[in-house]
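The values are calculated or read from the model by the stated rules, or taken from the named source; none is laboratory data. What you see is a predicted model, and the numbers here were worked out from it, not measured in a lab. As a convention, Cβ positions derive from the backbone with ideal geometry for all residues, glycine included, and neighbour counts pool all protein chains shown. Keep in mind that these areas ignore ligands, DNA and RNA; they rest on the heavy atoms of the full protein, side chains included. Shrake-Rupley method; radii C 1.70, N 1.55, O 1.52, S 1.80 Å.
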Amino acid sequence: MNIPNKFEKILRQDHALEDLVNDIITLFESILKAELFFFVEYTDHGIDHIEKVLKAAEFLIPEESFQYIKPKEVEIFILAVILHDIGMHVQYSTFKAMIEGQYDAFRVDILDKKAWKTLWEDYLSEVRHWSSRQIKDVFGKPDIIIREPDLSDIDNLDGSDKKLIGEFIRRHHARFAHEIALKGFVGNDNVIIPFGDSNLDERDRQLIGIVARSHGMNIRDTFDFLKNLSQDAWQYPDGLNVVFLMVLLRMADYLQIDKDRTDLTLLKIKTFNSPISLLEHQTHLAIRLVDPSSNDPELLHVVCNKPTDAQMYVKIQTLIKDIQNELDLSWAVWGEIYGSQPTGKPKIGFRRIDSNLAELELNYVPQKISFQVNSELSKLLVAPLYGNNPTYGVRELVQNATDACKERIKIEKDKGNTDYESQALVTVSIDKINDDQYSFKITDNGKGMTLDEILHYFLSVGSSFRQSLDWKKEFTSKDGKSSVSRNGRFGIGILATFLLGDEITVKTKSYKADSPAYQFATNLNAEYIDLIKIDGFEIGTEIEIHISNNTCEKLTRTNLNIPWTDWYIHDIPNVQYFLNGQEQSRKIIFNPPIIREFVPKGYGKIQWAYQQKQVDFPTNFGVIIACNGILITRDSQKQPLQNDILRWKPSLIIEDPQGLLPLRLDRNDLDTENLPFEKELIEDISKDIIAKLLMLPIFSNEIKKHIIASYNIDLLYS
C-alpha cells in the first residue's frame, strides 16, 4: 500500500512509528484485499480506496500546514484510514463473533449503550416491519420474504441473508472500526488478527479508534469521549490535533483525488442503500474531475458530464450541496477547537465547492418534480367526507383518544404494570363559556405524542401513525401482527375535528421519559404553528375547541341516529361524558340476551346477535356494526346476507387488530356489499339455528315464535 509522499516524509522522522505503521499495513493488507462477503455489489473499499482517501487528505492540506503535523498524528491518521471502512470486510466468522459477544468487553460505554447481540435483535425486530420500498432498497426487489438468518453454518446463508446482515454492518461499521482498534479482527476459527503489537498502547488505540469512527457520526458527538479520555486536555490529547484529523478524514472520505491528478478524477458517492443502484453508478461516472479553482485558492470546482436525466442531475447537485455542508461543518468545528486565527495549527485548504452543472445545456427541467398537495384541499375534503355533521368530529376525537389509551395499556403491560388498564380514562365535556360559545374538551391519559408524531402524523393529513416504522416496532409482533386493536387508519381524522370549530388547542406529553410536554393551537388556514414546551402536564393529550351555540345544539339534540355520547361501546378505556358539569349516561345499544362469537382468519373475535328490537319489529331492523369499539353504522334498514335462507345480517361487534375491515373513507359504513367473513358468519348462524331446533320438541310453538322471528328465515318442516 502506497503512503503519500508528504505523509511518508513526516512519518520517517520517527522510525519506530514508521515500522509500526508498516507492520499493521502488512498485517491488514490481506484483509483489505479479500473478497467482500456481505457487500458483493458495493463499490471498492479495499487498498485502492484507502490510498485514494490518503491522497485526498494530502491534497486537502495546504502546503504551509504540513510543518505543523507531527509523526504521531500521521501514524494515527493512516491507521484510522485503514480502519474507517474495515467493517465492510467483515467475514462470516467475524460477524458471528460480534453477535456471540466476543467484542462486548471492548464496547465503548460512553458512546454505546447496547451490546452487539441486542443491536442485532433490535434490527431483526425492525426489519420485520419494513415497507416494500425499504425492502427494495436493500434486496433489490420488494417481494423478498425476510427471515432471521441461520448463523449456525456459513452454508446456511443465501444472498438475501448476506444483504440483510450487510445492511446491519453498514449501519454500525463506524463503531466496529473503533472496536477493531481495541481488540483486533476475529478471523476463521476465532483466530484474532491483532491491530498492532505491544508498542501500540491502549491510549493510542482509543485515539485511532475514535478518529476512524468519527467519519460515521457528528464530530461534536465525539467530544464527550475525548473529555472522558483526556479531561481538561481533551482538545489536544497528548498534544495531538485529533479533532483536525477527524475533520481531515471526514472530508477526504468524500473527495478522492487520482494519484496523478491529470487522469479521470472521481468524486466518491456516499452510499446509503444496499445494493448500489444503477443510478448511483451512473452518477459516479458522470462526475469527470475535481480540481482547485484557478481564481479562488479555497474553491474546489467539479466538472460533470451532462447528466442523462433530471434525477441524476438532482442527485449530483444534492451531493455537491452535502459536501459544502461538510466543509461548513468542518470549518466550524475546527474554529471551535482552534480559534478563528490560530497559529501553529494545521488546517484544510478548501472552504467552498461548486460545479459546472448550471452551465450545461439540457433538454429537461433540472429539478425534482412530483405531485404536490395543495393545503386548500384539506378544507375542500371536510364537507364531502363528513357532511358538516359535527358529531363525526366527536367520533374522530374519541377514536384517537381511546386508541392512545389502548396503546398505553400495551406499553404498561410490557413494563409489568397491570394497574393502568383499570385507570385508562377519556373525558369528553361541553361547557358553556358565554352566551355565544361553548368549550368542547377531550382529555385522555393515553400514550401522548412525541414531537415527531405531532409534526409528521397529527399535523400531516393522510399520514397514518399506524403505518410508521416506530408504531410497528412498538405494537406489532415478530410475525407482523398488531397487538393493539387501533381504529386510526387513514390519517384524515384531524379534518373532522374542524367540523366542531375553526381552531383547536392541543396539549400533549408522551409516555417517553425524554419527551417534554407541548402545547399548540392551529386552524386549517394556519401558515405557522408555534409549538411551546410546557410544564405540569401529565402523560396524555388534551384537545379543546371553542364551538358555537348552533354546533352545541346539533351535538346534543335527542334525535341523532348516534348521539355524541354513544360512539364508543366498550368499557376499556373508560369514556366519560359531561354537559355543563353534569355527567351524561351512555346508552347501551348492544346488549342482547345471547351473544354468539367466532374468529375468522385475519380478524379477532367477531360477536354477533339478532337484537331484541329485530324480534319485536321484524320489518324495521336496527343493525349495529362496530369495529374495535367504535360504531360504524346503526342502520334502521334491512341489511341483506348473501344467502337464500338466512335473510338479514345480525348486529356485529368486530375486532380488527390488523386493519383489514373494508371501511369507507368517512368510516360511516363498510365499503363492500359482502362481509369479508360472510361465509363464516352464515355458517355460524346456521349452526346456532340447528342447535336451537334440535333442542325444541317437534310440536313446540317456540319454533315459530322465536326461531323464525329471530332469524327471519323461511323454514319448511313437518
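So here's what we get for this one:
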quantity	calculated
Candidates I192, I219, filtered to the one that is among the β-branched types (V, I, T) and free of Cβ contacts under 8 Å to residues at least 24 places away in the same chain	I192
Filter pass, L357 being aliphatic (A, V, I, L, M) and farther than 18 Å from E298 by Cβ	yes
Residue match in the stretch 297-305 (condition: farther than 14 Å from A358 by Cα and either touching a residue at least 60 places away in the same chain (Cβ under 8 Å) or open to solvent by less than 50 Å² (accessible area, probe 1.4 Å) (or both))	yes
Hits in the stretch 222-257 (condition: among the charged types (D, E, K, R) and either more than 18 Å from H178 (Cα to Cα) or in contact (Cβ under 8 Å) with a residue 12 or more places away in the chain (or both))	D224, D232, D238, R250, D253
Sole residue being polar (S, T, N, Q), open to solvent by 50 Å² or more (accessible area, probe 1.4 Å) and under 20 Å from the mean Cα position of the chain (by Cα), chosen from S132, S152, S125	S132
Neighbours by Cβ (under 8 Å, 6+ apart or cross-chain): first from the stretch 570-583, touching a residue at least 60 places away in the same chain (Cβ under 8 Å) and at positive phi; second open to solvent by 50 Å² or more (accessible area, probe 1.4 Å) and assigned to a strand (DSSP E or B)	N580/D431; N580/K432; G581/D431
Selection count, the stretch 513-524, where residues are touching a residue at least 40 places away in the same chain (Cβ under 8 Å) and exposed (fewer than 13 other Cβ atoms within 10 Å of the Cβ)	0
Unique match (being open to solvent by 20 Å² or more (accessible area, probe 1.4 Å) and over 26 Å from V484 (Cα atoms)) among N574, N549, N591	N549
When residues of the stretch 112-140 are limited to those that are outside any helix (DSSP H, G or I) and among the small types (G, A, S), the one nearest to K472 (Cα to Cα)	S131
Of all residues making up the stretch 396-424, the number that are of a type in the set (D, E), open to solvent by 10 Å² or more (accessible area, probe 1.4 Å) and within 10 Å of P573 (Cα to Cα)	1
Strands (runs of 3 or more DSSP E) lying entirely in the stretch 470-589 (those with 2 or more residues that are of a type outside the set (A, V, I, L, M))	504-509, 517-522, 540-548, 574-579, 582-584
Lone unmet requirement of (1) open to solvent by less than 40 Å² (accessible area, probe 1.4 Å); (2) modelled with pLDDT under 90 for I192	(1)
Condition check for V382: open to solvent by less than 20 Å² (accessible area, probe 1.4 Å) and either among the polar types (S, T, N, Q) or modelled with pLDDT of 90 or more (or both)	no
Boolean, D137 is surrounded by 12 or more Cβ atoms within 10 Å (Cβ to Cβ), touching a residue at least 24 places away in the same chain (Cβ under 8 Å) and charged (D, E, K, R)	yes
The stretch 311-347 - residue that is open to solvent by 30 Å² or more (accessible area, probe 1.4 Å), in contact (Cβ under 8 Å) with a residue 60 or more places away in the chain and not in a helix (DSSP H, G or I) and, of those, farthest from A286 (Cα to Cα)	G344
Residue within the stretch 156-163 that is of a type in the set (K, R), in contact (Cβ under 8 Å) with a residue 12 or more places away in the chain and closer than 23 Å to A252 by Cα present	no
Where a residue in the stretch 414-443 is farther than 14 Å from F578 by Cα and its partner, wherever it lies, is among the aliphatic types (A, V, I, L, M) and crowded, with 17+ Cβ neighbours inside 10 Å, with Cβ under 8 Å and at least six apart	Y420/I409; E421/I409; A424/I409; Q437/I547
Residue tally, condition open to solvent by less than 90 Å² (accessible area, probe 1.4 Å), assigned to a loop (DSSP other than H, G, I, E, B) and at pLDDT 85 or above, over the stretch 352-365	3
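Conditions tested, residue by residue: (1) more than 42 Å from the chain's Cα centre (by Cα); (2) surrounded by fewer than 16 Cβ atoms within 10 Å (Cβ to Cβ); (3) modelled with pLDDT of 65 or more.
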| site | (1), (2), (3) |
| --- | --- |
| K605 | no, yes, yes |
| Y610 | yes, no, yes |
| T619 | yes, yes, no |
| G629 | no, no, yes |
